[in-house]
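Each remark here refers to the structure printed beneath this line.
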Amino acid sequence: MERRHGKGVGMWTRSGHDVIVIGSGAAGLTAALALAEKLRVLVIAKGSLTGGSTAWAQGGIAAVLDAGDTFDDHIRDTMVAGAGLNRLETVEHVIARAPHAIDRLVALGVPFNTEAGALHLTREGGHSHRRIVHVDDATGWAVQSALLEAASANPNITLLPGRAAIDLITGRHEEKYSGSGRVWGVYALDEASGRVEAHTARATVLATGGAGRVYQFSTAPRGATGDGIAMAWRAGARVANMEMMQFHPTCLYNLEVKNFLITEAVRGEGGRLINPRTGKRFMEFYDERLELAPRDVVARAIDAEIKRFGLDYVHLDISHMDADFVRTHFPTINEKLLSLGIDMTKEPIPVVPAQHYTCGGVMIDLHGHTDLPGLYAVGECTESGLHGANRLASNSLLECFVFGEAAAADILARWHEFIEPPTVRAWDESRVTDSDEEVVIKQNWTEIRRFMWNYVGIVRTTKRLERAKHRIKLLTDEIDEYYAHFRVGTDLIELRNLLATAELIVRCALKRKESRGLHYTLDYPETLAEAKDTVLVP
Ligand code: FAD
Ligand code: SIN
């Protein structure tokens, strides 16, 4: 694979920017806007600028804003949901900065819902108070639009969609080989021309989102293939807690529409989970917090109910609430369901759990530093210590804003230490050809997602994890061989990263000899006294 970086010098090198941000979601654009106060920033994104999870977020953003609420309560709820694996220092750091993050979004023009002159706060599972600010049930789209509008208007920011990052440029790719782990930017595919460009800068910020698409059923968008996590790992950064993949309890069950989320706020506003066979609420058999228990608990309860009764789905019912209240609180969901022939004001919604969020990722500190000099990481691609073994609802957009700003602040404060990038080698395609067997990509993509769902899902066993490990090994040989011989396209880049991410998840899962939070294994059902991160060292 290294031979791809062997030939002409700087042929397709694009520079002229101080910092490169990879990803245009909440984390990347927050960092870019803060950096652009002083520096020239290039933001690249795979596909369109709105292709990440941010645009899909429904429920909202958690912050202590209510008179009766306290930072201590938000910290406690976050640690309880995270099953004690969270880093307290990070949790305190993020939660204390949440009200400021909301103020900045209001200043950017995000039209949060209000009631009697104050921000309206909704409630979600695991939260002991109402503390979720939102824009109806489409918060993410409002946030993404406001950030993009500000970034587009900023003369110091260049937005470059249609660029799929392939690998980080490090000391290994310098014209005069240094072998240092220093990151100088990224090789990225221009998806329109098929050319690979080297984008170099003094600092690089990874904001590539999660890896949800490694599972057959996921609420995450098509491009959530763990690219940033895999790139950082290949470049030598540590990755942690990848076994903590979050499954959202309530994804719409529909044979055509496979990844439509029904926000947790439906349960927060009174929605009940019902077994369609018995017609009875079932959460009382699993947890005293009923439908508002943390998501890992609710997802496991639904999974158990589905398996025990041989069901295809369970029901989420909010039809006992006033119909106007339901329509005005959940206009996007109501409209979508009506288009599929379901009237949520009158009948229950069929739901199943689906992968939703990647809690683990590239290890960072409070400033977004990774292990590699010159490389920062922010947002869902990271393991910051905030979420522990299970993310509390609506804490992830918040993490994007706090760490996006923190990374930018650190780069600005230490700018004098960042030197000009050296000349780097251009991408070498002299020994690859066009593939005549694209079917290999589709077949392997489907296979990975299916065995990850079946063997590395909500309830795990060592035997199933070992089976997945074996499949990954066989596919790694096949995909490495394919990657080395054929010209890259976005599908191949994603497939390679999907497989690398699957391997990291399975390795972490096999290392954890206990059940904690999202990692539940029948072979080690107990939770150990001491909570420890699963850290993988390249
Ligand atoms: P993303 O928004 O996913 O952006 C990733 C960016 O990286 C994109 O621009 C993408 O194109 C780019 N990218 C990826 N790979 C490459 C590559 N190889 N080269 C170039 N660019 C690349 N969280 C909450 O807090 N509240 C909610 O209500 C909420 N609801 C959600 C609902 C849904 C359906 C989903 C899926 C998630 C939800 N989440 C919610 C989680 C939250 O939306 C995400 O964690 C958050 O938006 C992640 O932001 P990000 O900036 O890290 O990544
Ligand atoms: C939801 O609206 O249920 C998703 C909230 C989240 O993922 O934080």
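The values are calculated or read from the model by the stated rules, or taken from the named source; none is laboratory data. The structure displayed is predicted, hence computed values, not measured ones. Counting neighbours? That spans all protein chains shown, and the Cβs are built from the backbone with ideal geometry, glycine included. Accessible surface is based on the protein model in full, side chains and every heavy atom, while ligands, DNA and RNA are left aside. Shrake-Rupley method; radii C 1.70, N 1.55, O 1.52, S 1.80 Å.
Summary of computed values
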read-out: Any hit, the stretch 501-508, residues being touching a His at 6+ places or on another chain (Cβ under 9 Å) and touching a residue at least 24 places away in the same chain (Cβ under 8 Å); value: yes
read-out: Count of the stretch 528-538 residues which are touching a residue at least 12 places away in the same chain (Cβ under 8 Å) and more than 24 Å from T382 (Cα to Cα); value: 1
read-out: Checking K258 against (1) out of contact with any helix residue (DSSP H, G or I) (no Cβ under 9 Å at 6 or more places or on another chain); (2) open to solvent by less than 10 Å² (accessible area, probe 1.4 Å); (3) more than 18 Å from P421 (Cα to Cα), the condition it does not meet; value: (2)
read-out: Boolean, T358 is under 30 Å from G457 (Cα atoms), among the hydroxyl-bearing types (S, T, Y) and open to solvent by 40 Å² or more (accessible area, probe 1.4 Å); value: no
read-out: Count of the stretch 372-386 residues which are within 16 Å of ligand 2 (Cβ to nearest atom) and open to solvent by 10 Å² or more (accessible area, probe 1.4 Å); value: 1
read-out: Qualifying positions in the stretch 112-140 - farther than 23 Å from D324 by Cβ and assigned to a loop (DSSP other than H, G, I, E, B); value: G125, G126, H127, S128, H129, R131
read-out: Odd one out for E478 among (1) assigned to a helix (DSSP H, G or I); (2) touching a strand residue (DSSP E or B) at 6+ places or on another chain (Cβ under 9 Å); value: (2)
read-out: Residues located in the stretch 104-129, provided they are charged (D, E, K, R) and either out of contact with any helix residue (DSSP H, G or I) (no Cβ under 6 Å at 6 or more places or on another chain) or surrounded by fewer than 18 Cβ atoms within 10 Å (Cβ to Cβ) (or both); value: R104, E115
read-out: Pair list, Cβ under 6 Å, 6 or more apart: the stretch 44-63 residue at pLDDT below 95, other residue within 6 Å of ligand 1 (Cβ to nearest atom) and not hydrophobic (A, V, I, L, M, F, W, C); value: G59/S394
read-out: Test: G404 is at negative phi and under 21 Å from the mean Cα position of the chain (by Cα); value: yes
read-out: Enumeration of residues in the stretch 330-351 that are assigned to a helix (DSSP H, G or I), buried (at least 18 other Cβ atoms within 10 Å of the Cβ) and either touching a helix residue (DSSP H, G or I) at 6+ places or on another chain (Cβ under 9 Å) or among the aromatic types (F, W, Y) (or both); value: I333, N334
read-out: Among residues of the stretch 28-72, those that are away from ligand 2 (no atom under 16 Å from the Cβ), assigned to a helix (DSSP H, G or I) and open to solvent by less than 30 Å² (accessible area, probe 1.4 Å), counted; value: 8
read-out: Among residues of the stretch 364-391, those that are touching a strand residue (DSSP E or B) at 6+ places or on another chain (Cβ under 7 Å) and either within 10 Å of ligand 1 (Cβ to nearest atom) or outside any loop (DSSP other than H, G, I, E, B) (or both), counted; value: 10
read-out: Single condition S180 does not satisfy, out of (1) open to solvent by less than 40 Å² (accessible area, probe 1.4 Å); (2) not in a strand (DSSP E or B); value: (1)
read-out: Matching residues, the stretch 505-521, being more than 30 Å from A188 (Cβ to Cβ), among the basic types (K, R) and not in a strand (DSSP E or B); value: K511, R512, K513
read-out: From the options V143, V186, residue that is in a strand (DSSP E or B) and not charged (D, E, K, R); value: V186
read-out: Members of the stretch 234-252 found to be part of a loop (DSSP other than H, G, I, E, B) and either acidic (D, E) or surrounded by fewer than 23 Cβ atoms within 10 Å (Cβ to Cβ) (or both), listed by number; value: G236, R238, E243
read-out: Scan of the stretch 273-321 for residues that are surrounded by fewer than 15 Cβ atoms within 10 Å (Cβ to Cβ) and assigned to a helix (DSSP H, G or I), ordered by number; value: E284, F285, K307, R308, F309
read-out: Selection within the stretch 203-221 - at pLDDT 95 or above, open to solvent by 10 Å² or more (accessible area, probe 1.4 Å) and out of contact with any Leu (no Cβ under 9 Å at 6 or more places or on another chain); value: T208, G209
read-out: Residue list for the stretch 73-83, restricted to those being within 22 Å of the chain's Cα centre (by Cα) and open to solvent by 40 Å² or more (accessible area, probe 1.4 Å); value: M79, V80
read-out: Close pairs from the stretch 396-424: first within 16 Å of ligand 2 (Cβ to nearest atom), partner open to solvent by 20 Å² or more (accessible area, probe 1.4 Å), Cβ under 7 Å, at least 6 apart; value: S396/E380; L397/A57; V402/R97
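One line per residue, one yes/no per condition, for (1) more than 16 Å from ligand 2 (Cβ to nearest atom); (2) touching a Pro at 6+ places or on another chain (Cβ under 9 Å):
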residue	(1), (2)
A198	yes, no
Y215	no, no
T219	no, no
G223	yes, no
N241	yes, no
C251	no, yes
V257	yes, no
L261	no, no
L273	no, yes
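Conditions tested, residue by residue: (1) more than 20 Å from A224 (Cα to Cα); (2) touching a helix residue (DSSP H, G or I) at 6+ places or on another chain (Cβ under 8 Å); (3) in a helix (DSSP H, G or I).
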{"residue": "D491", "(1), (2), (3)": "no, yes, yes"}
{"residue": "N497", "(1), (2), (3)": "no, yes, yes"}
{"residue": "E503", "(1), (2), (3)": "no, yes, yes"}
{"residue": "D523", "(1), (2), (3)": "yes, yes, no"}
{"residue": "E526", "(1), (2), (3)": "yes, no, no"}
{"residue": "A529", "(1), (2), (3)": "yes, no, no"}
